[in-house]
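Participant: Quick one: structure below, then a few questions.
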Amino acid sequence: VTSVTLHRLVDGPLDLQEAIRAVAGPDRGAIATFSGTARDHHGGRRVVRLEYHAYTAMAEESFQAIIHEASERFGTPHIAILHRTGVVPIGEASVIIAVAAPHRREALAACAFAIDRLKEIAPIWKKELYADGAAWIEGSETRPSR
Amino acid sequence: VTITVLLFARYREAAGRSDLELEAPEGATLRWIWQRVQAEVPALAGEPYPMFACDRVHARPDRVVTGREEIAVFPPVSGG
């Protein structure tokens, strides 16, 4: 099977249509997408914007590894992963995943798997900016930023 | 051998720089390197969950380094 994939860190707005175009094809009857968007609150605190920092080379290699793993596991080689770096305004997407497959079940399963794996292994860090400070998010912990 | 350790996210912020150079003996592990990083950057003392990468792949703290790898240490990840 020819694997046409798109995976990239982007220092600017993400384009869901670009991800869909990268995976769509005439033999695929399902495209599952996930968009993770910047939320305006966390633990009762108002978040004014997010910032994402990445170990760029390793993050891009980890996207490739996730695509490979999802493709092997679900038989879905058509997967796109886009992740934004730098400032992400509230409401905008920080991550987009698209999976196309002949049928919905494997497309949905591979999409869910890919975002879960990304959160586990991709070397990317989120910083939350508040009106009066900032904090790094590390797994389930919140650590103050200087 | 001289080893360059890449730092990311809060660790980079704490160190005020993106990497550190260390002299490591033969057989040094990532755990040993992390102890030296903490000695150089006291703000990182007591960090409970450092993560390591060798050549851009996650690695365990008992991994022995040769000095030819790309070595990085960083906090738990939070992408997505």
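Every read-out reported here was derived from the displayed coordinates using simple, explicitly stated rules and does not represent laboratory data. Predicted, not measured: the structure shown is a model, and the values here were computed from it. All Cβ positions, even for glycine, are placed from backbone atoms using ideal geometry, and neighbour counts span all protein chains on display.
Participant: Would you work out the charge dipole size for chain A about its Cα centre, treating the Cβ of every Lys and Arg as +1 and the Cβ of every Asp and Glu as -1, and quote it to the nearest 20 debye?
Facilitator: Using only the charged Cβ atoms, the result is roughly 300 debye.
Participant: Mind pulling the angle between the C-alpha long axis of helix A:104-121 and the longest principal axis of chain A? Nearest 10 degrees, somewhere in 0 to 90.
Facilitator: 40
Participant: How well do other chains shield peptide B:7-13, expressed as the mean number of their Cβ atoms within 10 Å of each residue Cβ?
Facilitator: Mean partner-chain Cβ count within 10 Å for B:7-13: 6.
Participant: Now, a different point. What's the magnitude of the charge dipole for chain B around its Cα centre, counting Lys and Arg as +1 and Asp and Glu as -1 at the beta-carbon? Answer in Debye, nearest 20.
Facilitator: Values: 9 positive and 11 negative charges, 44 e Å.
Here chain B has a charge dipole of around 220 debye.
Participant: Right, here's the next one. Over all residues in A:48-54, what is the mean tally of Cβ atoms on other chains that come within 10 Å of each residue's Cβ?
Facilitator: Average per residue, whole number: 2.
Participant: Students often check this: by mean Cβ neighbours within 10 Å, which of A:136-144, A:118-126 ranks highest, and how do the rest follow?
Facilitator: The most tightly packed comes first, giving A:118-126, A:136-144.
Participant: Whole-Hz Karplus ³J(HN,Hα) for the range A:48-65, in order, using 6.51 cos²θ - 1.76 cosθ + 1.60 and θ = phi - 60°, x for Gly and Pro?
Facilitator: 9, 6, 10, 9, 10, 10, 9, 8, 3, 4, 6, 4, 5, 5, 5, 4, 4, 5
Participant: Remind me, relative contact order of chain B in percent, using alpha carbon pairs under 8 angstrom and six or more residues apart? Could you put the intermediate results ahead of the total?
Facilitator: Values: 131 pairs, mean separation 30.4, N = 80.
Taking the mean separation of contacting Cα pairs over the length of chain B, I get 38 percent.
Participant: Now, a different point. Could you work out the helix-only [θ] at 222 nm for the protein assembly as shown, with each DSSP H run of four or more residues adding -39,500 (n - 2.57) and the total divided by the number of residues, to the nearest 500 deg cm²/dmol?
Facilitator: Calculated mean residue ellipticity at 222 nm is -9000 deg cm²/dmol.
Participant: Using the alpha carbon gyration tensor of chain B, what are the three equivalent-ellipsoid semi-axes (square root of 5 times each eigenvalue), largest first, in whole Å?
Facilitator: Equivalent ellipsoid of chain B: 18, 15, 11 Å, largest first.
Participant: What are the ³J(HN,Hα) values, in whole Hz, obtained from phi via the Karplus relation 6.51 cos²θ - 1.76 cosθ + 1.60 with θ = phi - 60°, for each residue of the range B:71-76 in sequence order, with x given for Gly and Pro?
Facilitator: Ordered by residue, 3J(HN,Hα) equals 10, 9, 9, 7, x, x Hz.
Participant: Quick one: grab the alpha carbon gyration tensor of the protein assembly as shown, order the square roots of its eigenvalues as a ≥ b ≥ c, and give me rounded if a/c is under 1.5, else prolate or oblate depending on whether a/b is larger than b/c.
Facilitator: Oblate is the answer for the protein assembly as shown, as a/c is 1.5 or above yet b/c matches or exceeds a/b.
Participant: Report the FRET efficiency, 1/(1 + (r/R0)^6), for A:Arg49 and A:Arg21, where r is their Cβ-Cβ distance and R0 is 30 Å, rounded to 0.05. Let's see the in-between values first.
Facilitator: Values: r = 28 Å, r/R0 = 0.95.
Here the calculated transfer efficiency is 0.60.
Participant: I'd like the distance between the alpha-carbon centres of the range B:1-72 and the range A:90-146, rounded to an integer number of Å.
Facilitator: 25
Participant: If you don't mind, there's one more thing I want to ask. In peptide A:121-131, what is the residue-averaged number of other protein chain Cβ atoms found within 10 Å of each Cβ?
Facilitator: Mean shielding count: 4.
Participant: In terms of modelled amide H atoms, which long-range or inter-chain residues lie less than 5 Å from the amide H of B:Ala59?
Facilitator: B:Phe52, B:Ala53, B:Cys54
Participant: Given q = 0.14 Å⁻¹, what are the Debye log10 I(q)/I(0) values for the range A:1-50, with equal point scatterers placed on the Cα positions and solvent ignored?
Facilitator: For the requested q values the scattering log ratios are -0.55.
Participant: Over chain A, calculate the relative contact order: mean separation of alpha carbon pairs under 8 Å at least 6 apart, over the residue count, as a percent.
Facilitator: Normalised by residue count, the contact order of chain A is 33 percent.
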